[in-house]
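S.K.: Here it is, the structure in full.
The values are calculated or read from the model by the stated rules, or taken from the named source; none is laboratory data. These numbers were taken from a predicted model, which means no experiment stands behind them. Virtual Cβ from ideal backbone geometry, glycine too; neighbours counted across all protein chains shown.
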Amino acid sequence: MENFVFSSRAKLITGGTALFGLLLLIFSYFVDGGEAHHMRFWTNLLHNASFFTGIAIIACFAYAAFTTAYAGWFVQFKRVWESFGMFILPGIFLFGVLIVGLWMHSHHLYHWNDEAAVLADPILTHKSAFLNPVWYTGATIIILAVYYWLISTIRKISIDEDTNGTTDYSHHKRIKKWAAPMLAAIGFTSPFLIWQWIMSIDAHWYSTMFAWYASASLFVAMTALTIMLLIYLKSRGYYPGINQEHFHDLGKYLFAISIFWTYVWFSQFMLIWYANVGEETIYFKLRMDQYPVLFWGNLLLNFIAPFFILMRNDTKRKMGTLFFASAIVFFGHWFDFFNMIKPGAREAMIEMVAHHDADHGEEHATMDAHAGDDHAAAGHDDHAAAGHGDDHGHAADDHAMASHDGDHGDAADHGHADLPFKSGFTIPGLLEIGIFLGFLGGFLFFVLSVLSRAPLEPKKDPYFEESLHHHT
Amino acid sequence: MADAMAHSGVPVGTATASDTGRNILFGLYDDEEKLLDAVKAANADHLDIDEVYTPFPVHGLDPLLGLEESRLHQAGFIFGSIGCLFGFGFMTWVFTRDWPIIFGGKPYWSVPAFIPITFELTVLFAAVGMVTVFYIICGLGPGAEPRRLHDRITDDKFCIAFDATDLSSDEIDGLKGFFSRTGVESVHTKVVPV
């Protein structure tokens, strides 16, 4: 039982799901045709790439934080987090696709990537020092490469300790020396990634809480995935030393970071709601009015459910309830990222079309045609959500904000007023769920094959014994 | 192990007559590991431990003593719920009935603005309520007479106490033998009110 054996059945299931997801991703490219700039494909790719790469980054962060803080309880399963961290390498590849798309103008995820729109818009011009393809490419690749370099170095030392570890614990001391800079590196630079990848979709909007908010979301998702994976590994007979006490502590992290997420969510919401500055409130106005399922479902899945399920002591100590709660919040935080990305991307697309149409002097005609195309393309559209278009404060805010292009105001209004229900944007459609499962399968396939290459338990780690006797 | 602190005082009065009080035989240990081993040994010998006192919560002691889970947090939940409803209800009454004022163009009944205060009152009620209940259960609080077997139980000693009121001298010798076998530091007796 030294190494995890990645059975051919598990390989078939995770690899098969990943392939299926890849097929669905390719299929989604053709669902939203050229008229919609293949938006469904690109948003799905960005959504899952940032979610799973983010989980890998946060696993490195947790590893570094616990190691630096002399924590012992997690040492038994630290190989799991090392394996999570190694997923940063495929993450670089996934973002490579997005970066190529950015330079080729194959996607319109980011409003700031449209030179004409940036020149016509003082806010975007002002932000273009940071929101530009060079920064996006450089920051993504350099920062992810540094993270990967740090975690793979730590993993090498950690594996070497299994065979060459001595009682002067020089390996552990070296891991600590690498973990401290990794903690600082991720702490200070991960906001750049989150701003570039996700927040800049709503290019006009900004929130100083956003990086906290997304990191908290990823931390919960990472903890939930760790719990589910450990329960699986235990059910296969691995990790005999991991017991209720470790799961209790992981469950406390799941509970506590869920509450922290809610705290950051509410802080961000309330500051913006109270200040009532048009360019800030538009983010929430759009989501509350046009995407109520996303907006309220997010709170239901990520606050109400874990709060009441995990509040009691015993639900954190029973595998069944803990697995159930983990599955809910893991999906919930994927849903949260959906809420961060999809409405803004759709909005950016509509605005972009409006700008282009205005340039051609045929705004209304094409906008209507575009909405019609949307309707036809998705097939399962439904105008049910179009009913609440009576009062749109943010449309008025838009006027104030974009007074420079008063001529285009009508087009903008038209875009905002009635967004029809659109599966894949208003709520996750079947394609999104399938692609999510595919990415999850790919992530697990990668993580489990990395995990099988080294002993599961770092038996010569100085804190290994403490971890065996952990008591909550 | 909040219970260990909860019972860190046993009724100790001025009564000396054994017919009005209980005769407590207790040993002091200087280390929590020794205490845990001693409790295990006592369980193996089927000795009837009256109470164990520790200056801080000791991991793994509750299951050895067969203690039930404290119900204090249920009181906390009830007090917290009262605080939550009180805070929200009070603000609702003030801003919709008693003294409606418009703040920043918001509606009178502005739920997001109420949430932080509702949260704070929930925490305040839960905390104050739990402390009060805890003090009442333990007979602590301002003006209460301190009741403890030995001063150093609240400092650095770990105590196992037996009720020796109805025991024969043979049985008491047996208990003293148990103490010396398990590495006790000192053994004392004290009469406490029932």
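S.K.: Here's a check for you: in segment B:93-115, which residue that is closer than 23 Å to A:Ser267 by Cα and in a helix (DSSP H, G or I) is farthest from the other protein chains (Cβ to nearest Cβ)?
M.R.: B:Phe95
S.K.: Kindly state which helices (runs of 4 or more DSSP H) lie completely within segment A:1-104 and contain at least 2 residues that are among the hydroxyl-bearing types (Ser, Thr, Tyr) and within 15 Å of A:Ile435 (Cβ to Cβ).
M.R.: Of the helices (runs of 4 or more DSSP H) lying wholly inside segment A:1-104, those with at least 2 residues that are among the hydroxyl-bearing types (Ser, Thr, Tyr) and within 15 Å of A:Ile435 (Cβ to Cβ) span A:8-31, A:39-68.
S.K.: Picking from B:Thr118, B:Thr182, B:Thr154, which residue would you name as being in contact (Cβ under 8 Å) with a residue 12 or more places away in the chain, within 14 Å of chain A (Cβ to nearest Cβ) and surrounded by 13 or more Cβ atoms within 10 Å (Cβ to Cβ)?
M.R.: It is B:Thr118.
S.K.: Follow-up. In segment A:423-471, which residues are among the aromatic types (Phe, Trp, Tyr) and surrounded by fewer than 20 Cβ atoms within 10 Å (Cβ to Cβ)?
M.R.: Scanning segment A:423-471 gives a single hit, A:Phe464.
S.K.: Failed condition for A:Thr166, given (1) under 23 Å from A:Lys459 (Cα atoms); (2) at pLDDT 95 or above, with all others met?
M.R.: Of the numbered conditions (1) under 23 Å from A:Lys459 (Cα atoms); (2) at pLDDT 95 or above, the odd one out for A:Thr166 is (2).
S.K.: Here are the criteria: (1) part of a helix (DSSP H, G or I); (2) exposed (fewer than 15 other Cβ atoms within 10 Å of the Cβ). Tell me which single one A:Thr166 does not satisfy.
M.R.: Here A:Thr166 clears every test but (1).
S.K.: I've got another one for you. Hey, which of the helices (runs of 4 or more DSSP H) in segment A:207-290, taking only ones fully inside, have at least 3 residues that are under 30 Å from B:Phe103 (Cβ atoms) and within 14 Å of chain B (Cβ to nearest Cβ)?
M.R.: It comes to A:244-275, A:278-290.
S.K.: Related question: Give the number of residues within segment A:46-79 that are among the hydroxyl-bearing types (Ser, Thr, Tyr) and closer than 18 Å to A:Leu456 by Cα.
M.R.: Of the residues in segment A:46-79, 2 are among the hydroxyl-bearing types (Ser, Thr, Tyr) and closer than 18 Å to A:Leu456 by Cα.
S.K.: Follow-up. So how many residues does segment B:42-66 have that are within 14 Å of another protein chain (Cβ to nearest Cβ) and outside any helix (DSSP H, G or I)?
M.R.: 4
S.K.: Search segment B:121-144 for residues being among the β-branched types (Val, Ile, Thr) and closer than 24 Å to A:Tyr263 by Cα, and hand back the single one that is surrounded by the most Cβ atoms within 10 Å (Cβ to Cβ).
M.R.: Within segment B:121-144, the match that is surrounded by the most Cβ atoms within 10 Å (Cβ to Cβ) is B:Thr122.
S.K.: Checking the condition within 29 Å of A:Ile427 (Cβ to Cβ), modelled with pLDDT under 95 and crowded, with 24+ Cβ neighbours inside 10 Å, which residue from A:Thr53, A:Thr43 passes?
M.R.: After ruling out the rest, the residue left standing is A:Thr43.
S.K.: Hey, does segment B:74-92 have a residue that's over 28 Å from A:Val264 (Cβ atoms) and either within 13 Å of another protein chain (Cβ to nearest Cβ) or more than 17 Å from the chain's Cα centre (by Cα) (or both)?
M.R.: Looking for residues that are over 28 Å from A:Val264 (Cβ atoms) and either within 13 Å of another protein chain (Cβ to nearest Cβ) or more than 17 Å from the chain's Cα centre (by Cα) (or both), one finds at least one in segment B:74-92, hence yes.
S.K.: Looking at A:Ile304, A:Ile309, can you tell me which residue is touching a helix residue (DSSP H, G or I) at 6+ places or on another chain (Cβ under 6 Å), without any contact (Cβ under 8 Å) to a residue 40 or more places away in the chain and within 30 Å of A:Thr472 (Cβ to Cβ)?
M.R.: A:Ile309
S.K.: What's the number of the condition A:Ser200 fails, among (1) closer than 30 Å to A:His126 by Cα; (2) part of a loop (DSSP other than H, G, I, E, B)?
M.R.: Unmet for A:Ser200, out of (1) closer than 30 Å to A:His126 by Cα; (2) part of a loop (DSSP other than H, G, I, E, B): (2).
S.K.: Out of (1) surrounded by fewer than 21 Cβ atoms within 10 Å (Cβ to Cβ); (2) at negative phi, what's the single condition that is false for A:Leu230?
M.R.: (1)
S.K.: Something else: For residues that are of a type outside the set (A, V, I, L, M) and farther than 28 Å from B:Gly80 by Cα, scanning just segment B:121-151, find the one that is farthest from the other protein chains (Cβ to nearest Cβ).
M.R.: B:Glu145
S.K.: If you go through segment A:276-283 one residue at a time, do you hit one that is aliphatic (A, V, I, L, M) and either at pLDDT below 95 or more than 19 Å from the chain's Cα centre (by Cα) (or both)?
M.R.: The answer is yes; a qualifying residue exists.
S.K.: Kindly establish whether A:His108 is closer than 22 Å to A:Glu351 by Cβ and surrounded by 17 or more Cβ atoms within 10 Å (Cβ to Cβ).
M.R.: yes
S.K.: Let me ask something else about it. Does segment A:87-103 include one or more residues that are of a type outside the set (Asp, Glu) and over 27 Å from A:Leu440 (Cα atoms)?
M.R.: yes
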